Amino acid sequence: MHSLQPGSAREDALAVVRRLREAGHEAYFAGGCVRDLLLGRDPKDYDVATDAPPPRVRELFGNTQAVGAAFGVILVRHRQSQIEVATFRTEGAYQDGRHPSQVRFATAAEDAERRDFTINGLFLDPLTNQVIDYVGGQDDLKAGRIRAIGDPARRFDEDSLRLLRAARFSARFGFPIEPATASAIVAHAPQLKRISPERIAEELRIMLTATTRPAAWRLLWDLQLIETIYRFWKFPRTEPPPERAFLLDQVAPGQVISFGLALAACAVCYRMRRDATLADPRAPFTKSDVQSAVHAMRQAMKISNDESEQMRGTLAGLGPLLGDPVPTVAGMKRFLAEPTAPLSRELMKALATIGIQPERIAWLEGRLADLERSEYAPVPLVDGDVLTSLGLRPGPIFKRILNEVYDAQLEGRVSNREGAVAMALEIARKQM
């Protein structure tokens, strides 16, 4: 445990607490910021919990926004900070697996009891640095474990998003999940379907891009959440070799990665799990595979267009490089010109690490490194306007002519416009 050191954001939140105290109210730092301070981490933001009802909070502070007044939550803007001020509350029955049907303003102890995990149920008096613990959160922080507050089955019945949050906290802090809580997660895993795809994506963006993603990915499998998240895929009952199931461990280890790359790696993991009997898949992803994988991911998580395109491009780069025949110089240069080429290469290196085509990938990396030092994406010597000026009619033949001529340019078989035009005319003559 660490001393609680002040910072500028902390000072702004402290000023909010002081104002509430001066007005005769209880007020504490609450939740994740207390947990992070006790772990010696810099909190991303500071939340305040108080017995002051929302109208009173708005009366005491001039610059506020009612972001969740029905649940007792007011956003207070103070200097450069935005502090979420929540009134102590208890909650009624949850109707949709995410939101309570009603709330009742309550005491600090009651407020702590309705929270998700003990390490998130702590309060801190910032004026005295005294930790207020009604749920045993300090002991769990010291022991390094994730434990639901009260009955874990009830906590997950109330809010199914907590199933993912447990995995996220466990991976982030390296804390194992206490057995009763873990068992309840497995039992409630199918209820994750009650959570919107957008909210699931928000959790996975955090979990699968961080340096702790290997732990997160394993937890999603171990807690049987993966089959609900990716319920549009059919999972086989056979077990794949362990190193293949956890390909994501080997993707840019120790580095934060993009969500598009993470999703592409997840898709490859699934493909190898589905085809676990294949000793060495020669073409990890055909065009059809790529389309179906991206479609399934969009169904599961409603990812953005940019994330879809990044995932698609990352996967699409694998087939031509790893399939048969061996890629040409033109093919490798075209690959390098794609914005997702660095992501495809990261994924290829991970595949080599787990024993998928290591010789091919080593050869590719050498050739790609050499080609990177050349002009691998020159301006084409001929384009559609040139073909039209030669008297050719636009149509399907255009694409073939342009591709063949550009390949010849990339491979040095034509080096000037005159040669490119002559080649274009010869291809057109043969086709006609």
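The values are calculated or read from the model by the stated rules, or taken from the named source; none is laboratory data. As the structure is a computational prediction, the values presented were derived from the model and not from experiment. Note that each Cβ is placed from the backbone with ideal geometry, even for glycine, and that neighbours are counted across all protein chains shown. Heavy atoms of the whole protein, side chains included, go into the accessibility calculation; ligands, DNA and RNA do not. Shrake-Rupley method; radii C 1.70, N 1.55, O 1.52, S 1.80 Å.
Overview of results
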quantity: Qualifying residue in the range 357-377 (condition: surrounded by fewer than 20 Cβ atoms within 10 Å (Cβ to Cβ), among the small types (Gly, Ala, Ser) and closer than 30 Å to GLN431 by Cα); calculated: yes
quantity: Lone qualifier among VAL103, VAL67 - being open to solvent by 30 Å² or more (accessible area, probe 1.4 Å), in contact with a Leu (Cβ under 6 Å, 6 or more places away or on another chain) and modelled with pLDDT under 90; calculated: VAL67
quantity: Selection count where residues are over 22 Å from ALA341 (Cβ atoms) and either in a loop (DSSP other than H, G, I, E, B) or not aromatic (Phe, Trp, Tyr) (or both), scope the range 371-398; calculated: 17
quantity: Unmet requirement for ILE303, which otherwise passes all of (1) open to solvent by less than 10 Å² (accessible area, probe 1.4 Å); (2) of a type outside the set (Asp, Glu); (3) modelled with pLDDT under 90; (4) assigned to a loop (DSSP other than H, G, I, E, B); calculated: (3)
quantity: Which numbered condition THR211 misses (of (1) of a type in the set (Ser, Thr, Tyr); (2) buried (at least 18 other Cβ atoms within 10 Å of the Cβ); (3) assigned to a loop (DSSP other than H, G, I, E, B); (4) at pLDDT 95 or above); calculated: (2)
quantity: Subset of the range 39-64 (residues that are surrounded by fewer than 14 Cβ atoms within 10 Å (Cβ to Cβ) and either touching a strand residue (DSSP E or B) at 6+ places or on another chain (Cβ under 6 Å) or within 16 Å of GLY24 (Cβ to Cβ) (or both)); calculated: PRO55, GLU59, ASN63
quantity: Residue that is least open to solvent (accessible area, probe 1.4 Å), among those in the range 306-337 that are farther than 13 Å from ARG367 by Cβ, part of a loop (DSSP other than H, G, I, E, B) and out of contact with any Ser or Thr (no Cβ under 6 Å at 6 or more places or on another chain); calculated: GLY323
quantity: Leading residue by the ranking (nearest to the chain's Cα centre (by Cα)) among those in the range 116-160 that are part of a loop (DSSP other than H, G, I, E, B) and surrounded by 21 or more Cβ atoms within 10 Å (Cβ to Cβ); calculated: SER160
